[in-house]
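Okay, so here's the structure we're looking at.
What follows draws every value from the coordinates through simple rules; no lab data is involved. These figures come from a predicted structure and were not determined experimentally. Cβ: placed from backbone, ideal geometry, glycine included. Neighbour counts: every protein chain shown.
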Protein chains: 2
Amino acid sequence: MDLNALRTANPDHWSKATAIRALTLDAIAAANSGHSGMPMGMADVATVLFEKHLKFDASAPSWPDRDRFILSAGHGSMLIYSLLHLTGNADITLEEIKNFRQSGAKTAGHPENFLASGIETTTGPLGQGISNAVGFAMAEEIQRALYGKRVVDHYTYVIAGDGCLMEGVSQEAIGLAGRHELSKLIVFWDNNNITIDGTVDIADRTDQVRRFAASGWNVIEIDGHDPKAIDAAITQAKSSNKPSMIACKTHIALGHAAQDTSKGHGALTNPEQLLAAKEAYGWNHGPFEIPADVKSAWESIGSRGAEDHAAWKERFAQLSERKQGEFNRAYAFEAPKKLASAIRAFKKDTSETQPKLATRASSEKVLNVVNPIMTETVGGSADLTGSNNTKSADMGVFLPENRKGRYVHWGIREHGMAAAMNGMALHGGIRPYGGTFMCFTDYARPAMRLAALMKIPTVFVMTHDSIGLGEDGPTHQPVEHLAISRATPNTWVFRPADTVETAEAWELALTTSETPSVLSLTRQGLPTVRTEHKTKNLTAQGAYVLAEATGKRQAILIATGSEVEIAMQAKEALEAEGIGTRVVSMPCMELFAAQDESYRKRVLPAGPVRVGIEAAVREGGWDRWLLGERGREAKAGFIGMNSFGASAPANELYEKFGITVEATVAKVKDLLG
Amino acid sequence: MDLNALRTANPDHWSKATAIRALTLDAIAAANSGHSGMPMGMADVATVLFEKHLKFDASAPSWPDRDRFILSAGHGSMLIYSLLHLTGNADITLEEIKNFRQSGAKTAGHPENFLASGIETTTGPLGQGISNAVGFAMAEEIQRALYGKRVVDHYTYVIAGDGCLMEGVSQEAIGLAGRHELSKLIVFWDNNNITIDGTVDIADRTDQVRRFAASGWNVIEIDGHDPKAIDAAITQAKSSNKPSMIACKTHIALGHAAQDTSKGHGALTNPEQLLAAKEAYGWNHGPFEIPADVKSAWESIGSRGAEDHAAWKERFAQLSERKQGEFNRAYAFEAPKKLASAIRAFKKDTSETQPKLATRASSEKVLNVVNPIMTETVGGSADLTGSNNTKSADMGVFLPENRKGRYVHWGIREHGMAAAMNGMALHGGIRPYGGTFMCFTDYARPAMRLAALMKIPTVFVMTHDSIGLGEDGPTHQPVEHLAISRATPNTWVFRPADTVETAEAWELALTTSETPSVLSLTRQGLPTVRTEHKTKNLTAQGAYVLAEATGKRQAILIATGSEVEIAMQAKEALEAEGIGTRVVSMPCMELFAAQDESYRKRVLPAGPVRVGIEAAVREGGWDRWLLGERGREAKAGFIGMNSFGASAPANELYEKFGITVEATVAKVKDLLG
C-alpha cells in the first residue's frame, strides 16, 4: 500500500484514522499482549462510520435511540477502545488505554459490555457479535413498531472478521436477518484474507458475497481504505430494503512490517517496527500522544449527535406518560407492578386436583398470564413451538409484515436464537425468552455462557428435561445439562415441580435485571405437589420444606422437578414403616445458596440421612446439599443417572435406571443401617 | 401427487419404495411415536441409491471399503431401519422393526451406531450427520492416499433435511467440504419445505443452491420422486470433482392425508388415514407384511455387493503383510506395540530440572514422539495451531494436493472440527485429535457429547485451560468447562500437571477404543513435579500419591494440572509448621473412580482434612473426593473459582482469585481448627 498516497488524498481522514492505529500500537506494546492488526486494518472504515454516519452522543452513551456499533471481531478491542476514548467517552480515559489488559482496567482483553459504557456487547468468542446484532436489529424493529419512528429509528452496525463468518452461528444469523428483511442491519466484513494459521484459503474458499446474497442480503464490495468508497457504501446500505454486508478489502496491520501476514493478527510489540510504522503513517508523536487538533476533531464527532439527542428527548417527551413509563420501565428491566399480583392470583387458582400437567404446559399457562401485562416480552422457539409451549395466545408472529409480532419462529437454530435473544436484551426495551429441548443446551451454550457473563436476563425455556421424554432416546435426553448450567456462574437454573413452582420460577426470571434463567421443564405430566403456602414465592428461597416429617425426622429427601413426586411417594412409604421423612423441594440451587446460613440449616439440619433425587447426574451440584460444604454433615445418597439414557417409554426408563420410589426407600434404609 | 402415475411409470421401483413407506407407517403406529413424513418423502431417493449406487454387502456391514450412508436427518430413523431390514442386515430383524422405540430394541428413536451394524453414526441432533460426513470423506481420501485406490475407494452419501441445513454447523461442514474438494461426498437435501413450526420460509428463505455453490459445491436440482432423475443425478455427482449436493424436491409424508404439512413431520398414527395411504400406494398387505417378491428384490440389492466385496478381499490380500496389519490395527483402534515403550522412554528422558514448560508444549513434545509411530493419527486445530501446539514436525498439511497430509487446518470452526473428527473415527482407520481453547468447548459441545455417546476415541486438545491464560480475559477463561466434560458420561478428562503426566494422558487417550478424551492443558509454564516413579503410567489410576506427608499425616491436598505446583509448595509451607501433608495429583477423576475401593482409600484415607485445588468451579466433580461419596469421610475445603475470571496477567489473577499457596495453607489450618 502506498500510505503516502492515502495520506495526501485525504489528510483529515488520515490523521483521525492514524490516531486509532497509533493508540493500538502503543497500548499493545505497553501490555505486551493483544491483537494489533485488525484495528489497524479497519481504522478507515471505523473512522468514516463514526464521522459521517453513526448516530451517537459520546456524552450520553446509553441514549436509547443511538445507532448501535458492535465489534464482532472482539479481539480487535483496541479499535473500540480507541474510538471511545477519542470521541470523549467518559469511561475510556487515556489512563484506561494505557492500562489496556491490566488488572481492574475497563479496557479488558476483549470488549466487555459491563465494564464500560459504549460497549454494546461482550465479544471475543467469534460469531457472537454478528448474531447478537440480529437481535439488536429485531428489537429496533419491534420497538419502532410499538413507539413510532420519531422515538425509535436507528441502525445496527457490525464489524465482523473472517473468524465470525467461518463460525457456523454466523449462518444462522445471516439466514435470520435475510428472512426478516432487517434492513437497518449493516455488517462490515473485514476482508483481510488472514487468520492465525495463515491465509483464509488454507481453510475456506467460500465466496462470501454469493453466500450473503443467497440469504437475501444486499452486498457491496469496496476498498476498505478508501474513505469515499466507504462513505458511499454506507449511504447505499442505509437505503436498502435488505440487510447489508459491505465487503471491505483491507490490509491487516496496515503499514507495519507484518502487514498482510498472520503475524500481523497478533501483538506487534517490536519497538523498531512500531516506530517504522508510525513513521510510514507520518505520525511523529510520542507513545499515547494525540495532537490536540486530531483529538479535537474526534471530539467534534463525539458531540455531533448532541443536537439529535436533544431533539429526540423532545419527541420522546411528546409520548403519553403511560408510553414513556412503559418504555423506561422496559429499558430498566423492571417488571410491571401488577406482575406479582397476577402471579399470586394464578397460583391461588391452581387446583391441586387438576389432572397431571407437564411443567412445559404449566409454563404456557403462566405465559398466558404474563405476556398480556408485560409488553416487553418477546418469545420464540427453535422450531419446537408446540413442544416447548412457548407461544401464548396473544403474541402475533414477528415478520416483515408484522413488526409488532412478539413471537419469533427462530428455525432450527438454537445457537442463533440464544445469541439474538442476548442481542435483544442488550438493545434494551425487550425481555426475550426462547425454547428448545434441554439437551440442545449444547448448541446454545456459547451464547448462554455469554448471557451470564454479560449479566443480562435472557430466559432459556428448556423442555423435555430428562429421560422422562421417553422414546426419542439418549441423543435427546439431557443427563448432564443441569450440571452444565449450574456450573456456570451467574445463572439461575429452575427445575420446578409443578404449576405453582413454574409460575414462581417465571416470576423470578422476569424480575431480575442481571441474571439469565434456565427453566428446566418436563415433557411428562406431573401432579400438583405444592398444595399449601401458595401466596409467598418459595422458589425465591431456592429450596424449602414441602412436607414435614411425621414423628421423629430420620431422613430428608431432596428433589427437584419431576422427581419431587417420587420423593412425596417415598416419604409416604417410609413413614408407613415408621421412618419420619421430610421432603425438601429444591427448584433453584443458586437461590438456595444465596440464602443465609440459618435458613439453609433450618431446611437441611444436620443429623437425618439425606437422599437427593434428580433424573440427572450427581455432578449437578448435589454434593454440597447432600454432604454439607465442609463435609461430615450427614450420611447421604443420590438417586439419579450415571450414564446416558435410552429410547423407550418414559415410565420404563425410570424403572430401568432405578429412579423410583422403591429405590429411594431402599437407599434411605441402607443409609440408616 | 398422482401416486398412480408414479406407480405405473416404475412399478418395480414403486413396490420397493412403498415397502419403506409401509414399514414406516406400521412401526410408528405400533410405537405411537416417531417421525413418519421424512422416510415417506425420501423413500424414492433411498431406494434408487441403494439399488443402483450404494456399494455395500448386507452380510458384511463393516466391510471397510463400503460406501457410507449417513442419515443426517436422524428423526427419520425408520428410513434406515427399513433399508437395513429389507436388504437383510442381521441386526435389524422384523422383530426389531416391530419393537421400534421400545426398551432394549436396536431400533431406537434415533439411529444409534452402537446398537446395530449398518448405522454409521448416531444422528438426531441436527447438522451432526452432514458434519460427520465431512470427516468420513476426509478419512477416505487420507486412507486412499495411504493404501491406494484398489483398497480404499468409496463414497459417502448423506441425507440431510432443512433442519440440518439451518443449523450453523452445516455451514462449517459445507465450507470444509468445498475447500477440500471432497468429491466423493454426495449430500441429498430433502427439500420438502416443511419444518415442525410450519413451512420453511417462516424462518428461512436461503437459496440453498446458491449457498452450496458459493462454497464450491456441485449442485443438482431434481424431482425427488422421479427414479430416473435420481439415478442420473447420482451418476453425475459421482463424476464431479467437487462435493455434490442433490436438491431433491419431495413431498413429506407422500400419499398420506398429512402430506406437505407440519403434521406430516410427526407420528402419523391415525388408523384410517394409515389404511388410506396404503390404499393410495396400491399396497394391500397387512401390518409389517412385505410380499415375498418385494423382500426378495430388496435382498438382491443387499447381496449385490458381495462379489465386489470378495474381489476387494483379494486385492486387500495383495497388500504387504505390514500394510495389512497396519490397516487392521488402525481399524481396531489398537495402538502399535511400540507406543508404550516410546512413551516410557520419553518420560524417562524428562528432566526434572528442565525449565518450566506449559503442558500444551509438553503435549507437542509427546506428539513428536507419537505421530511418527502411529500413522493413523490425524491432527488439527481450529485456527490456533501455534497456541494449541497440535502440529508435530512430520505431519504435512491435508489439502487436495496433499491427501497424505495428516494435519488439518480446520479454520475457525470448533463445532465442525469436532463433528468431522467424530466422522473420521467412525469411518475407521483414523485416530483424530484436534485443538482449540478450552473455553470453546462450548462451541464443540454437541459433537463432544456425541463422541461420548457413540463410544469413539476422539481426542480434544483443549489448551489455555484456566485464568492462567491471562490477558484474554473471561470470554476466553474456562471456569466451568472441566465440570461440563466431567459431568458427561463416558468422557475422560485429563488435566496433567507436567510433561510426565501429559505423556501418560496421551498414552491413555491413544489406546482406548471407546472413550473420547479431553486434554486440559495450560498456556503457562509449569515445573516438572513427577520426578520419581516414571516407569508406570500412574495417570491410568486417575489419582496417586505424588508426595507423602513427612511425619503425622494431618492433611491431604488434592490438585490437578497447574495447581499441583501450588499444592507442592503448600505442603512445604505446612510441613514447616509441623503439619504433615500428603499431595495427591488427580489428573483424571473418571479413571480414579474406576479404581477399586481399596486403592481409592489408600490414596484418600479417612481422617486427614482434605483441600482440593483447581482453578475452576468446585462443581467439577470435587465433592465426591473431598467429602466421600456417602459423606462424613473428612472435613474438607476447596481452593478454586466461583465466578468468571478477568483480564490481567496470569499471576495477578491467581492472587486476585485467591488460588495461592497462602490461601491453601490457611484453608488447611482453618479446617484443622
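Projecting each Cα onto the charge dipole of segment A:114-227 (Lys/Arg +1, Asp/Glu -1 at the beta carbon, about the Cα centre), which of A:196, A:142, A:118 comes out farthest on the positive side? Most positive-ward Cα: A:142.
Scan chain B and report its longest stretch carrying no trypsin sites (Lys or Arg not before Pro) that are both in a DSSP loop and have at most 10 other Cβ atoms within 10 Å. Walk me through the numbers on the way to the answer.
Values: sites that count: B:149, B:337, B:552.
No qualifying site falls inside B:338-551, the longest such stretch.
Mean partner shielding of peptide A:405-411, defined as the number of other chain Cβ atoms within 10 Å of each residue Cβ, is 4.
How big is the charge dipole of the protein assembly as shown about its Cα centre, in debye rounded to the nearest 20, if each Lys and Arg gets +1 on its Cβ and each Asp and Glu gets -1 on its Cβ? Present the calculation step by step, with values, prior to reporting the outcome.
On the way: 140 positive and 156 negative charges, 368 e Å.
In total the dipole reaches around 1760 debye.
For segment B:9-85, taking Cα atoms only, Rg and Dmax work out to 12.8, 38 Å respectively.
What you get for segment A:3-309, charging only the Cβ of Lys and Arg (+1) and of Asp and Glu (-1), is a dipole of about 380 debye around the Cα centre.
The equivalent ellipsoid that matches the C-alpha gyration tensor of chain A spans semi-axes of 51, 26, 22 angstrom, in descending order. Projecting 7 Å from Cα along the Cα-to-Cβ direction, the label point of residue B:672 sits 4.0 nm from its equivalents in the other copies, listed shortest first.
For the peptide B:483-493, the mean number of other protein chain Cβ atoms found within 10 angstrom of a residue's Cβ is 6.
Working note: Cα atoms of segment B:458-589, range along each principal axis, descending, whole Å: 45, 36, 25.
Close amide H contacts of residue B:546 (hydrogens built in the peptide plane, cut-off under 5 Å, sequence separation of 5 or more or a different chain): B:583, B:584, B:585.
With a/c under 1.5 counting as rounded, go ahead and sort segment B:333-526 into rounded, prolate or oblate using the C-alpha gyration tensor (a ≥ b ≥ c being the square roots of the eigenvalues; past the cut-off, prolate if a/b is larger than b/c, else oblate). The shape class here is rounded.
Couplings 3J(HN,Hα) for segment A:103-117, derived from phi with the Karplus relation 6.51 cos²θ - 1.76 cosθ + 1.60 (θ = phi - 60°), are 4, x, 6, 7, 8, 5, x, 10, x, 10, 4, 8, 9, 8, 5 Hz, where x marks Gly and Pro. Rg/Rh for segment B:320-360 (Cα atoms only, Rh after Kirkwood) is 1.23.
Please average, across the residues of A:121-132, the number of beta carbons from any other chain that are within 10 Å of each residue's own beta carbon, and give a whole number.
Values: counts 0, 3, 1, 7, 8, 7, 4, 1, 0, 0, 1, 0.
For peptide A:121-132, the averaged partner shielding equals 3.
Mind running the shape call on the protein assembly as shown? Use the C-alpha gyration tensor, a ≥ b ≥ c as the square roots of the eigenvalues: rounded below 1.5 for a/c, prolate if a/b tops b/c, oblate otherwise. Show your work: numbers first, answer last.
Working: a/c = 1.18, a/b = 1.07, b/c = 1.10.
Taking the square roots of the gyration eigenvalues as a ≥ b ≥ c, the protein assembly as shown is rounded.
Express the relative contact order of chain A as a whole percentage, based on alpha carbon pairs under 8 Å and six or more residues apart in sequence.
On the way: 1499 pairs, mean separation 79.5, N = 673.
Value for chain A: 12 percent.
Exposure proxy check: A:235, A:511, B:377 ranked by fewest other beta carbons within 10 Å? Don't jump to the answer; show the numbers that get you there.
On the way: A:235 11, A:511 17, B:377 21.
Ordered by Cβ neighbours within 10 Å, fewest first: A:235, A:511, B:377.
Taking a quarter of the surface of the Cα convex hull of segment A:3-309, what do you get in nm²?
Result: 14.2 nm².
Please give me the summed charge of the neighbours of residue A:7: other residues whose Cβ is under 14 Å from its Cβ, Lys and Arg +1, Asp and Glu -1. Summing Lys/Arg as +1 and Asp/Glu as -1 gives -2. The label point for residue A:199 and the one for residue A:341, both projected 7 Å from the Cα toward the Cβ, are 7.0 nm apart. For residue B:247, nonlocal amide neighbours, meaning residues 5 or more places apart or on other chains whose placed amide H falls under 5 Å from its own, are B:189, B:220, B:221, B:222. Using a 7 Å projection from Cα along Cα-to-Cβ, the label point at residue A:328 is separated from the same position in the remaining copies by 8.1 nm, smallest value first.
With contacts taken as Cα pairs under 8 Å and at least 6 residues apart, segment A:539-672 reaches a relative contact order of 27 percent.
Helices in chain A, meaning DSSP H runs of at least 4 residues, each add -39500 (n - 2.57). Divided by all residues, the mean residue ellipticity at 222 nm is -13000 deg cm²/dmol.
If a spin label sat at a point 7 angstrom from the Cα of residue B:288 along the line to its beta carbon, the backbone N atoms of segment B:35-55 nearer than 19 Å would be those of B:35-36. Taking the DSSP beta bridges with both ends in the protein assembly as shown, the antiparallel portion is around 10 percent. Starting from the label point of residue B:293 at 7 Å along Cα→Cβ, the same points in the other copies fall at 9.5 nm, in ascending order. To the nearest ten degrees, helix B:563-576 and the longest principal axis of the Cα atoms of chain B are 20 degrees apart. What angle do you read, to the nearest 10 degrees and between 0 and 90, between the alpha-carbon axis of helix A:499-511 and the longest principal axis of chain A? The angle comes out at about 20 degrees.
Helix A:11-31 and the longest principal axis of the Cα set of chain A meet at an angle near 50°. Each of A:646, A:551, A:568 was scored by the projection of its Cα onto the charge dipole of segment A:539-672, and the greatest displacement toward the positive side belongs to A:551; charges sit on the C-beta of Lys, Arg, Asp and Glu.
Taking Cα pairs under 8 Å and at least six residues apart, what relative contact order does segment A:331-526 come out at, in percent? Please list the in-between numbers first.
Working: 408 pairs, mean separation 52.8, N = 196.
It comes to 27 percent, rounded to a whole number.
With no solvent and one equal point scatterer placed on each C-alpha of segment A:552-673, evaluate the Debye formula and give log10 I(q)/I(0) for q = 0.23 Å⁻¹, two decimals. Log10 of I(q)/I(0), two decimals: -1.42.
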